[in-house]
Each structure stands twice: as structure tokens, then as C-alpha cells.
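One structure is given here, and the rest of the page talks about it.
The values are calculated or read from the model by the stated rules, or taken from the named source; none is laboratory data. Everything quoted here is computed from the prediction, not taken from an experiment. Virtual Cβ from ideal backbone geometry, glycine too; neighbours counted across all protein chains shown.
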Amino acid sequence: MLKSKPAAVFTEMSVHAWAVLAVLCGAIFLEGIDIAMLNVALPSIRADLDLSTGTLSGVVSAYVLGYGGFMLLGGRAADLFGRRRVFLFWLTVFVLFSGLGGLATSGWMLLTARFVTGVAAAFMAPAGLSLITTNFAEGPVRNRALLVYAGVAAGGFSLGMVAGGLLTALGWRWVFFAPVVLSAFILLAASALVRDSDAPQAIRGRIDVIGALSVTGAMMALVYGVVRLEHAGDGAAVTALVFAAGAVLLAVFVVNERRTAEPLVRLGILRSANLVRTDLIALLFVGSFAGFQFLATLYFQELRGWSTVQTGLAMAVIGVDAILAPVLTPRLVDRFGSARVVFGGIVLAALAYLLMAPTGLDRAYATMLPALLLLGVAFSLVYGPLTIAATDGIAEEEHGLAGGLLYTAFQFGFALGISTVTAVHVAVLGYGASGIEAMRSALLVPVIAAMAAGVVGAFGLRRGASAAEAV
């Protein structure tokens, strides 16, 4: 079969290297800004399309289902069919269905658009991450590229909250239309600049159909079950059945992967203690962060009566990670190693959540600013180094799979964090507590999740110390 001309691995941050990185960062930026802007626009969408509460919740859940359900398949597809090919195809799908969301005239059109957009992101994200890990030489160059990539991703989410408020003021459809122009530009630039580094064959393997169907069904069922936890008392039996179905499909997947000659996921990759620890930290940390952001938005808008623009500006300080990630974090990683930097960031995040715990309805924003700033610093110290650790010690031909596992952990953490704080918030309100009391109780969830992530991270520190002593 014909092979494409391989791209040289970047050993320094040349102009060409920065151009390729900018394109890949642009794609992950789109993903972050897309999620954040939609969250801000939900009330306007509901009013204009006359959506029920269930349908409105489904608009968010549809994206989560597509993203979380297809992430492992997306990561493996990048390894099998070529990272560039998968990245460009699904970036095109992302552009088209983002535009379709802006044209939606009914709930089902919007649900369809969001689901397919989530599926596109599930293929695009691990392909983009593996393009960085395979195009940039291992060491300081790759670390810097990954940290810039992570910083831009986080910056997209932070900026999206502000941009969403501004665009919603013009009309909620602009939340979908505005990214389309940027997406089209990124697609054209990616077609010209991005190349696979290892000259993949047209097809380097085959998709394990049974494995793909079973793991995708399992992930979608488990994610949907987590989303249903937001209202624990509403159809508890159905929620239990959803989780049971997910567990059965997951068991089918594991049995199939052990028997098939070309598994979708080589189960041996899960023997990597570093990979499992990294993904568990990712789930817990992102869960704590997502839960906190949800509660903070609820606090500013519903309890304090702030507008979407005011809320976005208040939360924008967390976006300091977009500046620190490419500037400060690489130096810290080079000096102290990823494990210590991640652990330090987790400690700062837990401290930030604790500082927000005594928040009242009359608390001045200036007194909350240090906690929000601290959380932004924490995110810059954790998110980027986790993307480095996710592929550490993993064979290059499985970088897409490793990226898929990491982003699956991120997505599960995101869904689980929001669902858990919502469940606690609703439960406390059910006992007759005030809104501020319910919020304070729910804030315990991010605190506990961050502490749990710290415990897992501490094992990484011990392992690193043991390795150093052995040498």
C-alpha cells in the first residue's frame, strides 16, 4: 500500500513547529469555548425554543454522551487509520454540526447537533493530542508543546464563559455560528500544515467491531447513568438498570478483548501503574473543578442575581492558567518533575475550595478573588502535566489510545462532578435548607474529590522517590 511522506519530528520550537502547534491548539480551543458558551446560553435557548426542563438538560447530556461514549473508539481509530486523517475528518464534522446547532428550530434538531458534535470531539481530541506527542520530540520540546496545548484548552473554556455572555446578548444562535468561521480557518490551516510523523499505511489494522460496539455502548450507558444521578430520587430503578447495562456491556468488552487477535484496547496497557494513576487523578481533579464551577455559576447568577456577562467576568480570573501553563509550568516540571507539580496543584485546588466554603450572600468579590486566582494557578499545575504523564512510557503506536483513556477520564470526571454536586444540592434543599446552605454543603464534594486526588498523587511521589533511591 502507498505510504504518505512522513513529517520530521520537531526537535526545537521552530516557526514551523509553532505553526503546527497553533493549529492543533486552535482545535482544542474550539472544544473548550463551545462547551462554555453553550452553558451560558441555555436560558435563552430554552425561552426561544420553548424547551422543557428535560429537553434542556438533554442538550447538555447529548454532548456528554457523544463525547464520553465514543472517546476510546476515537483514540484507537487515530492509531489505526492515521492521526491526521481522523483529526481532519472529524474537525469537518465538528464544523458542520456546530453550524446545524445554530439553525435548530426544535429540541430534537439541537439534541442531534449536540450529540454528533460530541462524537466529533471524541475522535478529534485524542487524535490532536497524539499528533503532538508524535510530532514533537520527547523531552522539553514535547513537554512545552503539551503544556501550551493544555493551557489553550483551559483558556478556551474560561474565555467561552465571557464570550458566551456577550454573544447571547446578540442572540443565542451566535453561540453556534461564531465558532464556525474560526473552525473553517483551522481546518484549512490543518490540511496544509499537519502531518503524521510515522507515515501510516492507508489502513494499519481493522476495527474490532464487537469491541467497538460494546465499549461504546458501555461508556454511553455509564455516562448516562452518571447524568441521571443529578436527580437521585427520580426513577432510581431506571438509573440502576442503566448502570447494570453499562456493567454488562463492559464485561462483554473485556471478554472480547482478551480473545480477539486485534483488540480495540490492548488490556495490557492498563498494567501501567502510571497511566492508571494519571487517569484516576484526572477524573477526580476535573470532577472537583467542574463541580465547583457549576456551583460558582449558580451562586453568582441565581443567588446573587448577576448577569451572564458579570458571571463570566468574575470567573475569568481562573483563566490565568492559559498564561501560566506555557510560561511557568514547563520550568516547574523540568525542575521538580510532573508528579510533584501535579501534587502541588491539587493541594492548591483543595485550599481554594476551602477558602470559598464560608461564602455568604453579602461576601465581597474582592475577598473571593484570591481563591479563584489560586484555582487558576492550580489548574495550570495539574492539567498540562497530566497530558504529559498520560503517554509517559507508552509505545508511540498507542498514543492515541492513551489519549482516549485520558480524555475519557476527563469526561467522566466532568459529568460525575456536576452530577454529584447537583444531587447534594437538591437533597439539602429538600430538607428545607436555604440556597446558600445547600451550596455550602455541595462545596464539600469538590473538597473531598481534590483530597482524594491528592492521596492518589502522593503514591506517584512515593514511586518516584523509590525509583530515585534504587538508582
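Computed values, structure above
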| quantity | calculated |
| --- | --- |
| Extreme residue, nearest to Leu328 (Cα to Cα), among residues of region 359-410 that are without any contact (Cβ under 8 Å) to a residue 24 or more places away in the chain and surrounded by fewer than 18 Cβ atoms within 10 Å (Cβ to Cβ) | Pro370 |
| Helices (runs of 4 or more DSSP H) completely within region 352-471 that count 1 or more residues being basic (Lys, Arg) and closer than 22 Å to Arg271 by Cβ | 444-470 |
| Filtered residues of region 180-207 (kept if outside any helix (DSSP H, G or I) and either at pLDDT 85 or above or touching a helix residue (DSSP H, G or I) at 6+ places or on another chain (Cβ under 7 Å) (or both)) | Val194, Arg195, Asp196, Ser197, Asp198, Ile203, Arg204, Gly205, Ile207 |
| Count - residues of region 271-328 that are more than 21 Å from Leu147 (Cβ to Cβ), in a helix (DSSP H, G or I), charged (D, E, K, R) and touching a residue at least 24 places away in the same chain (Cβ under 8 Å) | 1 |
| Residue identified as modelled with pLDDT of 90 or more and part of a helix (DSSP H, G or I) among Val60, Val64, Val116 | Val116 |
| From Phe136, Phe176, residue being in contact with a strand residue (DSSP E or B) (Cβ under 8 Å, 6 or more places away or on another chain) and crowded, with 22+ Cβ neighbours inside 10 Å | Phe136 |
| Unmet requirement for Val238, which otherwise passes all of (1) touching a helix residue (DSSP H, G or I) at 6+ places or on another chain (Cβ under 8 Å); (2) assigned to a loop (DSSP other than H, G, I, E, B) | (2) |
| Residue match in region 209-227 (condition: outside the structural domain of Ser106 (by the TED database), among the β-branched types (Val, Ile, Thr), buried (at least 20 other Cβ atoms within 10 Å of the Cβ) and at pLDDT 80 or above) | yes |
